[in-house]
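Read the structure below first, then the notes.
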Amino acid sequence: MSRVHRNTALAILILGALALSHVQAQALPPAATILDRFVEATGGRAAYEAHRSEILTGTIEFPAQGLKGKLTRYLMRNKEYSAVDLEGIGLMESGISGGVSWDKSVLIGPRIKQGAEKEQAIREGYLNAPIFWRELYPKVETVGVQSVGGEDCYEVVLTPTGGAPEHQFFSKQTGLLLRTTTRATSQMGDVDVEVDVSDYRKFGGVLMPTRSRQRAASQELTITVDDIRVNDAIPDDRFALPSDVAELVPKAAGPPSKP
């Protein structure tokens, strides 16, 4: 075969690869389709909208350190309170109320969250967040297909107004979220975080994961959900700022953040 023929064959091969790449890129569904499919796969918008409050109970464990504790979380629109009672360490609390995001523990005392860390906490504590993705993330994009636990998933990048983008991985088969990765802001600086979720169960008509495994800064923790009570009454004082946190608000608080 002449050199001209060999070059022609090479050109055809390259053009074919480029065409295939273009077709594969076009085959990716829009991020909006994937995110809306997740809402439908987990119960539908009406089921989410029926949730006015949630009370989660479960356990949290740090396997490498041999630590285990009880987790309780109260959630309403624009309000959140979480408490972890860790064996051998004590109570750790966090919350969102009146536009203030805070945490406290026996180890570091009370603290007000600011900036990207605050915005991140508000998104994570947003009741019925899956149906509000358009408000929480102004920009979303499907960027590829990745394997998570041997299952093909669409990778969607969700970019909030403040803070780092989140990469969420949704099963091509079921539409369920299986993994989230992001660079989270914390008091220790920015940390790469990977969270795998599984064991979906239905609570109040909505499928929710009951097991998560989180890896961050070479540490690993697991959360197992025992129950999520939907629309149980929650007293307003459950979300009240602790007195030592309230003392910090005049020094730290600005206008309430909106996702």
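The angle between the Cα long axis of helix 31-41 and the longest principal axis of the Cα atoms of the chain comes to about 60 degrees, rounded to the nearest 10.
The structure shown yields Cα extents along the principal axes in Å, and of the options (1) 49, 44, 37; (2) 85, 41, 38; (3) 51, 43, 40 that calculated value carries the label (2). Taking the C-alpha atoms only, the angle from helix 3-27 to the longest principal axis of the chain is near 30 degrees.
Working from Cα pairs under 8 Å separated by at least six residues, relative contact order for the range 30-252 is 22 percent.
Amide H contacts of Arg211: Ser198, Val225, each under 5 Å away and 5 or more positions distant or on a separate chain (H built 1.01 Å from N in the peptide plane; Pro and chain starts excluded).
Computed from the coordinates by the stated procedures, all read-outs in this text should not be read as laboratory data. This structure is a prediction, so every number in the text was calculated from the model and none was measured.
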